[in-house]
Amino acid sequence: MSQSVRHSALEQIVDTMVDLTRLSDAQRVVLAGDDSVGVYLALRDRGFSRAATIASCRVAGGQFQVGLIAGRHSLQALESYLAQISRYLGATSTIAVSIDSREGVPSLRIRTGLERLGFRIEAGVRCEQGLILSAYRQGYGEMRNAA
């Protein structure tokens with residue numbers, strides 16, 4: 001894939017994720033996945049100054065309102081990214097996950113993984129590279145405390 005095609009595909013993914021999560025420049029967003037640095041740079045270009053990757057975050061603890069996972073990844077890697085990014089997201093947060101159609105990642109396993117972390121799938125959008133799922137978490141703190 002040429003660099004310009006790859007760049008435009010990433011731009012489309014970032015635009016879709018921003019739209020699905022209703023990300024505003026006042027919200028803190030944490031990024032994970034193989035393309036997290038590219039997404040970080042694309043968000044900074046759009047004026048989102050409160051973005052960080054999980055690699056650059058020092059302390060987890062629910063301080064982020066939005067999480068984005070982008071890149072080509074296996075099911076095992078995706079599940080690992082979900083577990084990692086979940087620690088940085090608050091009790092009422094939103095997440096968007098890009099799923100590369102060439103990887104053959106089963107959506108049912110992703111749904112189960114999201115639900116286990118307190119997320120409920122809100123929307124899914126097909127794009128050139130595959131599928132982007134958006135999910136939200138409401139009252140996860142209360143649910144976790146009750147367990």
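For residues in segment 73-100 being assigned to a strand (DSSP E or B) and polar (S, T, N, Q), which is farthest from THR16 (Cα to Cα)?
At the first step, the residues of segment 73-100 found to be assigned to a strand (DSSP E or B) are 89-100.
From what is left, the residues that are polar (S, T, N, Q) are 92-94, 98.
Numbers: THR92: 21, SER93: 17, THR94: 14, SER98: 10 Å.
Once the filter is applied, the top-ranked residue is THR92.
With the condition kept exactly as written, say whether any residue in segment 53-65 is surrounded by fewer than 15 Cβ atoms within 10 Å (Cβ to Cβ) and in a helix (DSSP H, G or I).
Within segment 53-65 (the criterion being surrounded by fewer than 15 Cβ atoms within 10 Å (Cβ to Cβ) and in a helix (DSSP H, G or I)), the answer is no, since none of the residues qualifies.
Sort through ASP45, ASP25, ASP34 and tell me the only one that's of a type outside the set (S, T, N, Q), in contact with a His (Cβ under 7 Å, 6 or more places away or on another chain) and either on the phi < 0 side of the Ramachandran plot or touching a residue at least 40 places away in the same chain (Cβ under 8 Å) (or both).
ASP34
So which residues in segment 110-147 are part of a helix (DSSP H, G or I) and modelled with pLDDT of 80 or more?
Scanning segment 110-147 gives ILE110, ARG111, THR112, GLY113, LEU114, GLU115, ARG116.
Do we find a residue being within 12 Å of the chain's Cα centre (by Cα), at pLDDT below 90, surrounded by 23 or more Cβ atoms within 10 Å (Cβ to Cβ) and not aromatic (Phe, Trp, Tyr) anywhere in segment 72-86?
yes
The values are calculated or read from the model by the stated rules, or taken from the named source; none is laboratory data. Being a predicted model, the structure only gives us computed values, none of them experimental. Note that each Cβ is placed from the backbone with ideal geometry, even for glycine, and that neighbours are counted across all protein chains shown.
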